[in-house]
Amino acid sequence: MKRTVLLYLIVVCLGTSCQKFLEKKSDQNLATPQTLADLQALADNPGLSLSTRVVNNLTDEFYISYDYWQAIEEEDRDSYVWAAALNNYEDWINMYNHVLYCNTILDNIDKVDDAANTNVANTIKGSALFLRSFYFYKVAELYAPVFDATSNKTDWGIPLRLDANFNVPANRATVEVTYQQMISDLQTAADLLKNNKPTSQLNKTRPTITACYGMLARIYLQMGNFEKALEYANLCLETYDKLLDYNDASQVDTSSLTPIKKFNQEVIFYAEVQYAITSSSEAIIDSSLYRSFDDSDLRKKVYFELNPDGTPWFKGSYNGSIDNLFQGLAVDEIYLIQAEAAARTGNANLAMTRLNALLSKRYQTGSFTSYAGLKPEEILSIILTERKKELLYRGTRWSDLRRLNKTPAFATTIKRKLNDQLITLPPNDLRYTLLIPIEVINKSSMPQNKR
């Protein structure tokens, strides 16, 4: 009940003053942090590792039957068919709940009794800035238009809550300002976390300088700034570079229903989505995607299990569970960002080197033939295919579809078939940007996304 009340209050406060919230806090941990330990406890709240639920529902990675579609929740049904009136209230409220925690930390970090402990304070502040940027990005990839250099100064972005004072109404920033804020938070966080580098055993839910660089690489890739994406991918891998070898049974159990351990050495920052429809064996992997995995590609065994009728479903999440799906940052994604950014900036040799290094850990020993002698545009096409295969169900495919649709050669029309009805999502359709939840629109003066 307390969580429900808090979430409702966040929605109300996003667009209007919230005096009742200020007079009587619904969560005393948020109301009265007294020490750095209190603030660290807020940053370590397990709920802060929860990511967006519908982002996988929207993609071309899978399909479901009409019977299963009828049985799932309304938000899942609507997101699966890109309903024009989809009201994705849950993801919006959860992400801004995370932002509230981050802002509470940032508002109080200089006020607590032991704030003079600079190293600890810097770590907590850097963590809060990273997390705020991470979840702003999660909101933006659903509710803001894809970054477009020709229109980002006028396109509506997301509300940027930068403190925990809900007396001040929130308004939508432009896409340009939204991305500037995310980048600024991450750059400041990287400086504060410069002594915090990951290890194979480190708590993967705590941000590090590596996570900051990795997230900056992801954001710049989404923006189409490939020089910066390559720069930050390089910095990320300079601080931490450990790939899983799928040939090593101590790292990956190809015969298990949970083949990859949670917090494994490849994970840079851990986030997950719980009990999504794509966690189920009823979510069938797209047949062309499944066929794209060669029999000597160990991902075919690690990622997939077959139903009795022979249809494949996904089991290879980086969280050691078949119920939850990993949506954080991992080294393999950074390799692919580095490879793509290198190809797009004309460095085909670096692109092939990084892709070869990744795939050599994915294929049976001795079976992979390295790519060589390709032009940038040739290796780029291969890299984009490998992104779809390697990062399956990571929550990245929706953003890839949005950005790649801007290039006709890579644009995709997604199709669903339900009860003999064909439903399509053409490239650059307005439904690639979800509606701001009606609960927020009704309690604010925010402009709604177009339909």
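Things to note:
- Test result for Tyr63, in contact with a Pro (Cβ under 9 Å, 6 or more places away or on another chain) and of a type in the set (Ser, Thr, Tyr): no
- The C-beta contact set for the range 47-60 (first residue not assigned by TED's automatic domain parsing to the domain that holds Tyr143, second residue surrounded by fewer than 24 Cβ atoms within 10 Å (Cβ to Cβ) and in a helix (DSSP H, G or I), distance under 8 angstrom, 6+ apart or interchain) is empty.
- Taken over the range 297-321, the residue count meeting the criterion of being under 20 Å from Val273 (Cα atoms) and of a type in the set (A, V, I, L, M, F, W, C) is 4.
- Qualifying residue in the range 420-432 (condition: under 29 Å from Pro169 (Cα atoms) and either in contact with a Leu (Cβ under 9 Å, 6 or more places away or on another chain) or modelled with pLDDT under 95 (or both)): yes
- Top-ranked residue in the range 283-322 [being more than 28 Å from Lys204 (Cα to Cα) and polar (S, T, N, Q); ranked as surrounded by the fewest Cβ atoms within 10 Å (Cβ to Cβ)]: Ser288
- On inspection, Glu282 qualifies as assigned to a loop (DSSP other than H, G, I, E, B) and under 30 Å from His98 (Cβ atoms).
- Leading residue by the ranking (surrounded by the most Cβ atoms within 10 Å (Cβ to Cβ)) among those in the range 219-269 that are outside any helix (DSSP H, G or I) and of a type in the set (Asp, Glu): Glu266
- Inside the range 125-157, residues that are under 21 Å from Cys212 (Cα atoms) and either among the acidic types (Asp, Glu) or not in a helix (DSSP H, G or I) (or both) make up a count of 2.
- Filtering the range 208-218 to residues that are in contact (Cβ under 8 Å) with a residue 60 or more places away in the chain, part of a helix (DSSP H, G or I) and not aliphatic (A, V, I, L, M) leaves Cys212, Gly214, Arg218.
- Any hit, the range 219-231, residues being at positive phi and out of contact with any Asp or Glu (no Cβ under 7 Å at 6 or more places or on another chain): yes
- Cβ pairs under 8 Å, 6+ apart, first in the range 160-174 and assigned by TED's automatic domain parsing to the domain that holds Pro447, second of a type in the set (Lys, Arg) and assigned to a loop (DSSP other than H, G, I, E, B): Ala170/Arg161; Thr174/Lys153
- Failed criterion for Ala170 (all others in (1) part of a helix (DSSP H, G or I); (2) of a type outside the set (Asp, Glu); (3) touching a strand residue (DSSP E or B) at 6+ places or on another chain (Cβ under 9 Å) hold): (1)
- When Leu142, Leu129, Leu162 are screened for being under 21 Å from Pro447 (Cα atoms) and in contact with a Ser or Thr (Cβ under 8 Å, 6 or more places away or on another chain), only Leu142 passes.
- Residues that are closer than 21 Å to Ser281 by Cα, at pLDDT 95 or above and touching a strand residue (DSSP E or B) at 6+ places or on another chain (Cβ under 7 Å) number at least 2 in the following helices (runs of 4 or more DSSP H) confined to the range 1-80: 66-71.
- Of all residues assigned to the range 88-109, none qualifies as being without any contact (Cβ under 8 Å) to a residue 12 or more places away in the chain and either crowded, with 22+ Cβ neighbours inside 10 Å or basic (Lys, Arg) (or both).
- The range 165-203, subset modelled with pLDDT under 95 and small (Gly, Ala, Ser), residue nearest to Pro447 (Cα to Cα): Ala170
- Members of the range 383-400 that are closer than 17 Å to Asp297 by Cβ and of a type in the set (Lys, Arg): Arg387, Lys388, Lys389
- Flag if Val168 is closer than 30 Å to Ala37 by Cα, surrounded by fewer than 24 Cβ atoms within 10 Å (Cβ to Cβ) and of a type in the set (Val, Ile, Thr): yes
- Scanning the range 340-358 for any residue that is crowded, with 20+ Cβ neighbours inside 10 Å and touching a strand residue (DSSP E or B) at 6+ places or on another chain (Cβ under 7 Å) turns up nothing.
- Some residue of the range 147-154 being without any contact (Cβ under 8 Å) to a residue 60 or more places away in the chain and under 28 Å from Asp38 (Cα atoms): no
Condition check ((1) in contact (Cβ under 8 Å) with a residue 40 or more places away in the chain; (2) charged (D, E, K, R)) across all residues:
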| position | (1), (2) |
| --- | --- |
| Asn356 | no, no |
| Ser360 | no, no |
| Thr385 | yes, no |
| Arg394 | yes, yes |
| Asn419 | yes, no |
| Ile438 | yes, no |
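The values are calculated or read from the model by the stated rules, or taken from the named source; none is laboratory data. Everything quoted here is computed from the prediction, not taken from an experiment. Cβ atoms come from the backbone with ideal geometry, glycine included; neighbour counts cover every protein chain shown.
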